[in-house]
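Quick notes on the structure that follows.
The values are calculated or read from the model by the stated rules, or taken from the named source; none is laboratory data. On a predicted model such as this, the values are computed, not experimentally measured, just so you know. Here the Cβ positions follow ideal geometry from the backbone for every residue, glycine too, while neighbour counts run over all protein chains shown. The accessibility values were calculated without ligands, DNA or RNA, using every heavy atom of the protein model including side chains. Shrake-Rupley method; radii C 1.70, N 1.55, O 1.52, S 1.80 Å.
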Amino acid sequence: MALSRSARLGALATAAASFLLIAASSAPTPGADGIGDPYFPQLGNGGFDARHYDLDVAYNPDTDRLDGRTTLTARATQNLSAFDLDLQKLDVTKVEVNGRRADFTRAGDEIHITPRGTLPKDRTFTVTVTYGGVPEALNGPIVFGSDYGWMKTTDGVFVACEPNAASTWFPSSDHPSDKATYDIRIKAPKGLTGVSNGRLVSTYDRGGQTVTHWRENRPMATYLATATIGKFDVKTGKTPAGTPVYVAIDPVLANSNSVDVYGVTAEATDYWSQVFGPYPFEETGAIVDDMPEAGFSLEVQSKPAYSAVRSESTIVHELAHQWFGDSVSVERWKDIWLNEGFATYAQWLWSEHKGIRSAHDSFVAGYNARPADSAFWQITVADPQRDTMFASAVYQRGAMTLQMLRERIGDTAFFKLLPAWTKLHRYGNANTADFIRLAEKISGQQLDDLFQTWIYTTGKPVV
Ligand SMILES: [Zn+2]
């Protein structure tokens, strides 16, 4: 995610840790209603591992109504008597498990589902949820007061869900530690284009509507899924190195298009592939929509979503996230600097690559710009707290940490470390300790003091 206005420092939230551990036993028990993330105790769900989502989303911009059907294929990780999915506000009309009607109740953002029989541990099952209603975007301190999630636009909808808003439009285990593959079919009135993740499978008309079918074959976190709908000018092709490109731009932005979104996207995808390792997805691209109420851009998997025409620097930031955040995802949200610090550092690397400013000079400028008594230095980067998880320190001090690491271990080790990290955790999840361990292994140095100073401690470090 990239902020287009400076983040306000909200009050530090007390992260209520509500961690439910269920002992393995042969007797069937309900899955936990959360995955155990201290920032969001009820996000994600226990007792199963999501494998594949099949989403049907029909949207009518005139009434703002969404009618959906989601089939999740999952594997039980315990003998399950019941389990939860995350869905906000929308009405659920029917739930089926393995094709049979299942009982369900709603409590807050949870759908509590009780199948007719036990779901045995290690066995795959399907759950189909039929639902509908008028989706509501979220708003709150986490994304600095901006709307996020399912956001209505003048000609459709802009969908960008970090960190907890996938549940504004489909039922899921809404946490990045439970990644899955996706088929996404978007049904919208003719003349509108539905844009989603992965590759376009087919487009066809049905009953005066157009259905656009997308498939994401690589594991994806729920918050990176999109079903953005509107009038779009679409340009497709391939990067010079051969990765397919799909760029959709809202035609009302054509005149304000001072940045060559297609060109920068293709160039940066190829450049990052040299620096960070092979591009992890089947397609690259961009969704550029007219959504002034969203003050951010998001690294939607395979096609970053921009709520306006953004700068070259923002585009390279969101594309760097395809490696740092999308392919290698956080295990818990407190590790968010592994996404934002790295994508910000990528912006510094891009300036260096273009001969504009070295990463060292970017470090110095950022360091000197903030006096020691600035609130900036009061965020603990490795555990920034929920409501300040996107504070600028997570981005900028995170990037400073990487520059300090680079100067300590040297360019050879540093530029070996980045692709080693993306290879080791490709399509998976990782945490800060994993990164430190790999940095120490590749450099052969003890680095505890560096990380202690830069990400585990507040206050302005002495350089
Ligand atoms: Zn970002």
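The table below gives the values:
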quantity: Selection from segment 312-328 of residues that are away from the ligand (no atom under 13 Å from the Cβ) and either assigned to a loop (DSSP other than H, G, I, E, B) or closer than 23 Å to Trp214 by Cβ (or both); calculated: Ser327, Val328
quantity: Residue match in segment 269-285 (condition: out of contact with any Leu (no Cβ under 9 Å at 6 or more places or on another chain) and surrounded by 24 or more Cβ atoms within 10 Å (Cβ to Cβ)); calculated: yes
quantity: Helices (runs of 4 or more DSSP H) (entirely within segment 344-461) containing at least 1 residues that are at pLDDT 95 or above and under 30 Å from Asp49 (Cα atoms); calculated: 392-409, 411-424, 432-443
quantity: Boolean, Gly277 is touching a residue at least 60 places away in the same chain (Cβ under 8 Å) and within 16 Å of the ligand (Cβ to nearest atom); calculated: no
quantity: Any strands (runs of 3 or more DSSP E) falling wholly within segment 128-221 and containing at least 2 residues that are touching a strand residue (DSSP E or B) at 6+ places or on another chain (Cβ under 8 Å) and open to solvent by less than 20 Å² (accessible area, probe 1.4 Å); calculated: 147-152, 157-160, 180-189, 193-195, 209-220
quantity: Some residue of segment 92-103 being within 12 Å of Phe170 (Cβ to Cβ), in contact with a Lys or Arg (Cβ under 7 Å, 6 or more places away or on another chain) and of a type outside the set (Val, Ile, Thr); calculated: no
quantity: Meets criteria (of a type in the set (Gly, Ala, Ser) and within 16 Å of the ligand (Cβ to nearest atom)) for Ser307; calculated: yes
quantity: Enumeration of residues in segment 49-76 that are touching a Phe, Trp or Tyr at 6+ places or on another chain (Cβ under 6 Å) and over 12 Å from Phe170 (Cβ atoms); calculated: Ala74, Ala76
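Residues checked against (1) surrounded by 20 or more Cβ atoms within 10 Å (Cβ to Cβ); (2) within 26 Å of Leu224 (Cβ to Cβ); (3) among the small types (Gly, Ala, Ser):
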residue: Trp323; (1), (2), (3): yes, yes, no
residue: Leu338; (1), (2), (3): yes, yes, no
residue: Ser362; (1), (2), (3): yes, no, yes
residue: Phe376; (1), (2), (3): no, no, no
residue: Asp383; (1), (2), (3): no, yes, no
